[in-house]
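*Asks:* The structure under discussion is supplied below as structure tokens; questions concerning it will follow.
The values are calculated or read from the model by the stated rules, or taken from the named source; none is laboratory data. Since we're looking at a predicted model, the values are computed, not measured. All Cβ positions, even for glycine, are placed from backbone atoms using ideal geometry, and neighbour counts span all protein chains on display. Just the protein is used for accessible areas: all its heavy atoms, side chains included, with ligands, DNA and RNA removed. Shrake-Rupley method; radii C 1.70, N 1.55, O 1.52, S 1.80 Å.
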Amino acid sequence: MTSIRIKNYGKINKDKVIKFTWDNKEYSGYEGDSLASALLANDIRIVGRSFKYHRPRGVMSCGVEESGALVTVGSGSKRDPNVRATTQELYSGLNASGQNAFPSVNFDFGGINNYLGRFFAAGFYYKTFMGLPPFEWGKGTGIWMVFEKIIRKAAGMGKASREPDPDSYEHANDFCDVLVVGSGPAGVAAAQEAANQNLNVILIEQDSLLGGNNLAEKAFDSSLLQKQLESKGIRVMSRTTAFGVYDNTVVGALERVTDHLSNPNTFLPRQRFRTIRAKYIILASGALERHIAFNNNDIPGVMTANASRQYLNRYGVLTGKKIVITTNNDSVYQTAIELHEAGSKVTVLDSRKNIKIDLPKEIEIHLETLPFSINGSRKIESLDVCKTSDKTNKNTIICDQVLVSGGWSPIVNLVSHRGIKPVWNEENLCFVPGEIKENITVVGSAKGIWNNEDCIQSGIVGANEAMNSLGVSKKTISHLSVGGWSNPINALFEVKSNKFPSKSFIDFQHDVTAEDVRLAHREGFVSVEHLKRYTTLGMANDQGKMGNIIGLSLMAEQLDKTIPEVGTTVFRPPYTPVPIGALTGRNVDKHFRPLRVTPMHQWNIDHGAKMIDVGLYQRPWYYPKKNETLSDAYIREATIVRKTVGICDVTSLGKIAIQGPDATELVNRIYTNPFAKLPIGKARYGIMLRDDGIVMDDGTSWRLGENEYFMTTSTAAAAKVMSWLEELLQTRWTDLKVNVTSVSEQWAGAAIAGPKSRDVLNECVLDPNKITNEKLPFMGVLQTKLKDGTPCRVVRISFSGELAYEMYIESDYAHGMMDILWENAQKYEGCLYGLEALGALRVEKGHVTAAELDGRVTIDDAGLGKMASTKKSYIGSAMRKRGVMGADDRDMLVGFYPLNEKETFNAGTIVCEKNNIHGQGVGRITSVTHSPELGHWIGIGFVKGGLEKWKDVTLVGADPVRDKQMEIKVVSPHMVDPEGKRMYA
Amino acid sequence: MIRIKCPYCGERDHSEFTYGGDASVEYPALDASVSDWTKAIFFRENIRGNQKETWHHTNGCRLWLEVERSTITHEIKSVKACHPQIDKITKNNS
Amino acid sequence: MTRFNAWNVFKNGFTGQKNWDRQWRDPVPKKEYDIIIVGGGLHGLATAYYLAKNHNKKNIAVLEKGWIGGGNAGRNTTIVRSNYMMPGNHEFYEHSLKLWEDLSHDLNYNVMFSQRAHVSLFHSPSARDGAARRYNVMRLHGTDGELWDLDTLKNNIPHLNYDNARFPILGAAVQKRAGNARHDSAVWGYARAADSLGVDILQNCEVTGVKRSQNNIESLETSRGTIKAKKVGFAVAGYTSVLWQMAGLGNLPIESHKLQAFVTEAIKPLLDHVVVYGVGGAHFYISQSDKGSMVFGGDLDWYKSYAQRGNLPIVQDSAEAAMAIMPCLGRIRLLRHWAGVMDMSMDGSFFICKTPLSNLYLNAGWNYGGFKASPASGWYFADLIANEQPHRNVQNHNLERFEKGINIDERGAGPDPKLHG
């Protein structure tokens, strides 16, 4: 092939020269070029290497179906492998290089694979590499994994960057009445017709220019069309690909915002992922020209006929001097004429006989003639041709380019996403869309309608269908018939070679040959899906856009069936590949998930808190004094709480307002313990079970009035409990008159814990007389005011086992509350404490949290069986003791001490009997801490049969993943102040 | 994207909602037998076709909705509030 | 049958690849079989293979409504691991892993099991301790498992998001013997091996009706005629309820949900391990296929469905989850996404058990875990069908466990099937 830029052709801007780099060498093209057209204009023939045999690959198409010219664009962290040169717009400074080749696509050592092709047939790797060759000796996976390393290196196409992607992407959402996909004649007609009826229309086009295949017309002006559409109020989105059609006529689309710019503004995202919610979709996605399988049909210089016309009329590139066009249909003749007019010597081979075509006499035409084999390896030297009737007698035509047209395949991919099987049209040898029951229609060549005027008419019909369906018109719909060529197409999928191994390709990227299809058949892989998976046909970057139908036809021939009997594989989204970054949008790094902070977040940080992630929340972990480690800090904090007083942010607990005449009935049904007689002004600790009787959550509910409760839940279960209550009230207990409202965000909370907590509180509130042991007894609730007059709620409640309170205030006043609490706590040499100290204090008391309540634990297992009422029914009461859940050898909550008090242990340690350190053991340690009070490490967890069974037995804590093993003893989980005197003080 | 016509909020993406489960399950009385409860909470008809199911408009009005939907095509036939009184109100307002 | 080995591959290179046989026959259905397995996925084919191989059973058929491996066998993300901890579950999955280790040799078919290590990231001290519990249980069963601290992790996989993650990566729980495999070749390998032992694999043979006596299945109506059977096994995960109801057996503790999977364009080696994590409500797993595609997945689509196609919110979620740990994936392009229909059970564990009918056996409820389980699933299901009583490792994997209060719920998520992903 000798391709050159020619004068008076093309829609490129020849006044604007653009410099770009290919394989480290500088070239130039023009504004409006694609990378492929610029490479062709510079007569660069070999631009890629195939996957398996590393055969040289040239530009084979002019669009998204490209499977030859896959290149790497950019470098460093902006390196993009597997870019189709045919759709990459040229920009100044574009830096592209060949891939899957060493040292270069021009000369590639991997080319050796081409000579081993006879061994590398489809699926050969399933038959070997298991063990030592030649007879696969050995066991296990060792030898395979040696081969695998080599195979992995050889496989893959381009090389990706390992650096974080520096570009930004964004999500956009669109709504419209009618979405038209494709701006060819049918799409444009449909969009205009719908817009004329004042419908809200979006037209999307994957190309940078509007026009679809009209861009291959010499006289076509795309910019006029753009203006015309916009003047009708149509929202036109170019460089936007509808990559998938999802439920309820929602389309996923990718807009390439800056991929064509050399120095984009930094505020622009690289790409946008658009979710378009349409009421009706008109698919005018066009059709793709097919290749024909014959020997060496992949040599650089082979291209679809229509691509060559695109290069000529759109880019002003004449792709060959001596061109042979080989066809089985009428679509190539305009191309032949134009290539001839542009100065090429054109010969047409048509497999049909008796066709009527008017051609200039300089164009040679050979009827009933087939392409047999291309001569040449890195470029086309000549083409052997034969007659359809006699394949042994060959002629050779000297040429530098072979253009192919094996018929056209409507792009049914987007319809296929809806699970609609395409229907074979025998007359036109193509699949057309099947019946669609949703608000989607297909128009133009995507439906197998070939002529321009018919496509326009089909677009109008599609618009009418949309308007009927949206209720704005009641037009009679009469569909156009499929087809439109004056001479019928004849079946030509493969010209069989007499050579072995033949190089008659049907998937150009994955090197799947016609022989591979026959091998698959021989071995029983006759279902199309088996064919695909066994040969990898259609699994490359083009996802079978080019090769699938040839593969099907070859399989049909082997099976002596028709193509529709063989079936078709299901096209899956995306239509063309979509960067993961675009789908992610801005939700990267720290924005991966929302960050929840408490209203006193800044206050905590200002007071030296180190934070820890708990679910989506960040909570204070510990408040180190200088040089303190986590361990130093939490031990100090826990010690101070037990000695004087500590303040802790507990805002992340879930908070729910429960109001209504049946509020009491609700809480009584959802907690295991009785709530019916809870007096106003008192709170109660409660356990909730799931329907299946397993513990769901624990928390408190405070009775604020006759019909009003304030519920707290654990941080982890806050959202779940809220939804659960709503579900119960709206679906199961619809007779209960009660309303629940999440007030988690409305209230900020702090725990004030320690023997001096009452003193501190009294200094903080307006009326200190109210906070006495008598007026605010354990579990008492008080609605009062802070010294500055801000209303607050105080409950006397203890998680640490000390005299303790929780104070809640409206969130906006959280900083003020913390200031007052902290100011006064300091008077008593108090401290701020974080989650780690909170954990230490609760472990000392044997209080359970999510670490213990792992979704398998019953209320009895957790040692809270006394809280399960036997006098009432509640959620889970029927199920909590079913079967073995009532057994007495269950894993029950206990405390653990290391036998040697200097020893430490970890949560996650498995508890075993000394002589049987195996399997699940007899229990597990779930939470540990150093106990400042006891002066050694302690833990809580579960052991089969509980304390009574093991209290005098030395057990072993096995923690092999941390290389630890220690002797432990089982103790009561209530390790500090077991009688619970302190909290009543 | 499934689009659900919430009777309170209007048509929204299904990602605003949380799927609940089979709306036809009748939960027994709290004091019913283990066997009744086992059937209700563990066993499902698992309909392949149109099924009535619950959805929670978690990131919206927080109504629990009864949606009749095909589990084969995802097509929605009807949507209403689970709570009979809320259903009545939303129907009157629409 | 020609053995698969390098020698025969070499020889065929000179004979135009003409001397390979069909990998499995395409037999005409007989009127009656001793054992019929419904479902030509990995579980069904493996069951048939082990029935023939381990129990010397003859006259077995596998019925497949479409093409073998067309369900979840060909739709999963191919991860193989045994990091389970509940009694029975661990033994089962470890047995499965051991079968995988020698499967290529056993079947004489390269299933490409790559023991490249399964790296499960943790992001908080409590998640580390949770992982420690699980991996300690594994170790105490003699299974491999270890915790990697941050430095070890960085040395092994330097390009994760260590600097700027929303949830900082603190380390990983690792099973080195775990990895991934080639799903289709496992299907074909089992089919070829079962076929060579005389099993009839009947494709395009959809069960359309079940003819019963009071306590028995007498025959199956199929798209290829009525076929009698002495024993019947169902192994049709995703559609178990449909078949179960066809047999007139009512409800099951299963819901069908769909799970999406994703592959990218092929690139040169970028990730040498299987990496998984779950944090902040996200759940994600990724590995690179030998062909070079990044293969990944995340959560269910969250609503019950029999459709084998997914919707955008989970596409987006999975992409976000991918970039959250591997920010370099931003420029890698998604090539294809699809969905499979999962049998999500009420406790996330499977069923290999007898049924109310005396000659019907059930293999179902695989949740996310079906692919890795398939060798053991076949092994234990064959054992059950042959011996008519469950092996002790699957003695609780029956339909009665819920009423009996036996808890083998790995996640502790409770009776909401969608939460067991």
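*Asks:* What number of residues within the range A:660-694 are within 12 Å of another protein chain (Cβ to nearest Cβ), in a loop (DSSP other than H, G, I, E, B) and not hydroxyl-bearing (S, T, Y)?
*Replies:* Here the count works out to 5.
*Asks:* Please find, among C:G348, C:G330, C:G340, the residue that is within 14 Å of chain A (Cβ to nearest Cβ) and in a loop (DSSP other than H, G, I, E, B). I'd like the intermediate steps shown before the answer.
*Replies:* Values: C:G330 fails: in a loop (DSSP other than H, G, I, E, B); C:G340 fails: in a loop (DSSP other than H, G, I, E, B).
Exactly one residue qualifies, and that residue is C:G348.
Every residue, every condition in (1) within 11 Å of another protein chain (Cβ to nearest Cβ); (2) over 25 Å from C:V187 (Cβ atoms); (3) not in a loop (DSSP other than H, G, I, E, B), yes or no:
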position: A:Q99; (1), (2), (3): yes, yes, no
position: A:N106; (1), (2), (3): no, yes, no
position: A:N113; (1), (2), (3): no, yes, yes
position: A:R118; (1), (2), (3): yes, yes, no
position: A:A121; (1), (2), (3): yes, no, no
position: A:T128; (1), (2), (3): yes, no, no
position: A:F135; (1), (2), (3): yes, no, no
position: A:G140; (1), (2), (3): yes, no, no
position: A:I143; (1), (2), (3): yes, no, yes
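*Asks:* Follow-up. Is one or more of the residues making up the range A:523-545 within 14 Å of chain C (Cβ to nearest Cβ), open to solvent by less than 20 Å² (accessible area, probe 1.4 Å), in contact with a helix residue (DSSP H, G or I) (Cβ under 6 Å, 6 or more places away or on another chain) and in a strand (DSSP E or B)?
*Replies:* No: zero hits.
*Asks:* Looking at A:I925, A:I917, can you tell me which residue is open to solvent by 40 Å² or more (accessible area, probe 1.4 Å) and within 13 Å of chain C (Cβ to nearest Cβ)?
*Replies:* One residue alone meets the criteria, A:I917.
*Asks:* Given the condition at the interface with chain C (Cβ under 9 Å from one of its Cβ atoms), surrounded by fewer than 19 Cβ atoms within 10 Å (Cβ to Cβ) and either within 24 Å of the chain's Cα centre (by Cα) or in a strand (DSSP E or B) (or both), answer yes or no: does some residue in the range A:174-188 qualify?
*Replies:* no
*Asks:* Okay, next question. For the range A:743-765, does any single residue satisfy the condition of being in contact with a Pro (Cβ under 8 Å, 6 or more places away or on another chain), over 29 Å from A:A638 (Cα atoms) and not in a strand (DSSP E or B)?
*Replies:* no
*Asks:* Hey, does the range A:596-610 have a residue that's in a loop (DSSP other than H, G, I, E, B), at positive phi, open to solvent by less than 40 Å² (accessible area, probe 1.4 Å) and in the same structural domain as A:E763 (by TED's automatic domain parsing)?
*Replies:* Taking every residue of the range A:596-610 in turn, at least one turns out to be in a loop (DSSP other than H, G, I, E, B), at positive phi, open to solvent by less than 40 Å² (accessible area, probe 1.4 Å) and in the same structural domain as A:E763 (by TED's automatic domain parsing).
*Asks:* Same structure again: Please determine, by comparing only the residues of the range A:435-467 that are surrounded by fewer than 19 Cβ atoms within 10 Å (Cβ to Cβ) and under 36 Å from the mean Cα position of the chain (by Cα), which one is farthest from A:I420 (Cα to Cα).
*Replies:* Taking the candidates together, the pick is A:N439.
*Asks:* State whether one or more residues within the range A:716-728 are touching a residue at least 40 places away in the same chain (Cβ under 8 Å) and away from chain B (no Cβ under 14 Å).
*Replies:* Looking for residues that are touching a residue at least 40 places away in the same chain (Cβ under 8 Å) and away from chain B (no Cβ under 14 Å), one finds at least one in the range A:716-728, hence yes.
*Asks:* Can you name the residue in the range A:66-97 that is open to solvent by less than 20 Å² (accessible area, probe 1.4 Å) and hydroxyl-bearing (S, T, Y) and is also farthest from the other protein chains (Cβ to nearest Cβ) among such residues?
*Replies:* Of everything passing the filter in the range A:66-97, A:T86 is farthest from the other protein chains (Cβ to nearest Cβ).
*Asks:* From the list A:T392, A:T335, A:T396, which residue is in contact with a Lys or Arg (Cβ under 8 Å, 6 or more places away or on another chain) and of a type in the set (V, I, T)?
*Replies:* None of the other options fit; the residue is A:T335.
*Asks:* Okay, next question. Could you look through the range C:285-311, keep only residues that are modelled with pLDDT of 95 or more and facing chain A (nearest Cβ under 8 Å), and pick out the one that is most open to solvent (accessible area, probe 1.4 Å)?
*Replies:* C:K291
Yes/no matrix, rows are residues, columns are (1) among the acidic types (D, E); (2) touching an Asp or Glu at 6+ places or on another chain (Cβ under 9 Å); (3) assigned to a strand (DSSP E or B):
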site: B:E11; (1), (2), (3): yes, no, yes
site: B:D31; (1), (2), (3): yes, no, no
site: B:W37; (1), (2), (3): no, yes, no
site: B:W55; (1), (2), (3): no, yes, yes
site: B:Q85; (1), (2), (3): no, no, no
site: B:K88; (1), (2), (3): no, no, no
site: B:N92; (1), (2), (3): no, no, no
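*Asks:* Considering only residues that are at the interface with chain C (Cβ under 8 Å from one of its Cβ atoms) and among the charged types (D, E, K, R), which ones fall in the range A:563-612?
*Replies:* Matches in the range A:563-612: A:R572, A:D589, A:K590, A:R593.
*Asks:* Restricting the search to the range B:19-50, which residues are within 19 Å of B:R3 (Cα to Cα), surrounded by 20 or more Cβ atoms within 10 Å (Cβ to Cβ) and more than 11 Å from chain A (Cβ to nearest Cβ)?
*Replies:* B:Y19
*Asks:* For the range B:64-85, which positions are more than 7 Å from chain A (Cβ to nearest Cβ) and buried (at least 17 other Cβ atoms within 10 Å of the Cβ)?
*Replies:* Once the filter is applied, which keeps residues that are more than 7 Å from chain A (Cβ to nearest Cβ) and buried (at least 17 other Cβ atoms within 10 Å of the Cβ), the range B:64-85 yields B:L65, B:E66, B:V67, B:R69, B:S70, B:T71, B:T73, B:I76, B:V79, B:K80, B:A81.
*Asks:* Any idea which of C:Y109, C:Y162 is without any contact (Cβ under 8 Å) to a residue 24 or more places away in the chain and outside any helix (DSSP H, G or I)?
*Replies:* Residue meeting the stated conditions: C:Y162.
*Asks:* Given the condition open to solvent by 10 Å² or more (accessible area, probe 1.4 Å) and in a helix (DSSP H, G or I), answer yes or no: does some residue in the range C:74-90 qualify?
*Replies:* Looking through the range C:74-90, none of the residues is open to solvent by 10 Å² or more (accessible area, probe 1.4 Å) and in a helix (DSSP H, G or I).
*Asks:* State whether one or more residues within the range C:13-29 are touching a His at 6+ places or on another chain (Cβ under 6 Å) and either surrounded by 22 or more Cβ atoms within 10 Å (Cβ to Cβ) or at pLDDT 95 or above (or both). Spell out how you get there, then give the answer.
*Replies:* Residues of the range C:13-29 that are touching a His at 6+ places or on another chain (Cβ under 6 Å), as a first pass: none.
The answer is no, given that none of the residues of the range C:13-29 is touching a His at 6+ places or on another chain (Cβ under 6 Å) and either surrounded by 22 or more Cβ atoms within 10 Å (Cβ to Cβ) or at pLDDT 95 or above (or both).
*Asks:* Return the residues of the range A:757-772 that are among the hydrophobic types (A, V, I, L, M, F, W, C) and open to solvent by 10 Å² or more (accessible area, probe 1.4 Å); say none if nothing qualifies. Show your work before the answer.
*Replies:* Going residue by residue through the range A:757-772, those that are among the hydrophobic types (A, V, I, L, M, F, W, C) are A:760-761, A:764-766, A:771.
Within the range A:757-772, just A:L766 meets the criteria.
*Asks:* Checking C:N407 against (1) in contact with a Lys or Arg (Cβ under 6 Å, 6 or more places away or on another chain); (2) open to solvent by 20 Å² or more (accessible area, probe 1.4 Å); (3) away from chain A (no Cβ under 14 Å): exactly one of these is not met. Which one?
*Replies:* Among (1) in contact with a Lys or Arg (Cβ under 6 Å, 6 or more places away or on another chain); (2) open to solvent by 20 Å² or more (accessible area, probe 1.4 Å); (3) away from chain A (no Cβ under 14 Å), the lone unmet condition for C:N407 is (3).
*Asks:* How about the range C:28-58: which of its residues are free of Cβ contacts under 8 Å to residues at least 60 places away in the same chain and not aliphatic (A, V, I, L, M)?
*Replies:* Taking the range C:28-58 as the starting set, the residues that turn out to be free of Cβ contacts under 8 Å to residues at least 60 places away in the same chain are C:28, C:56.
Residue satisfying the conditions is C:N56 alone.
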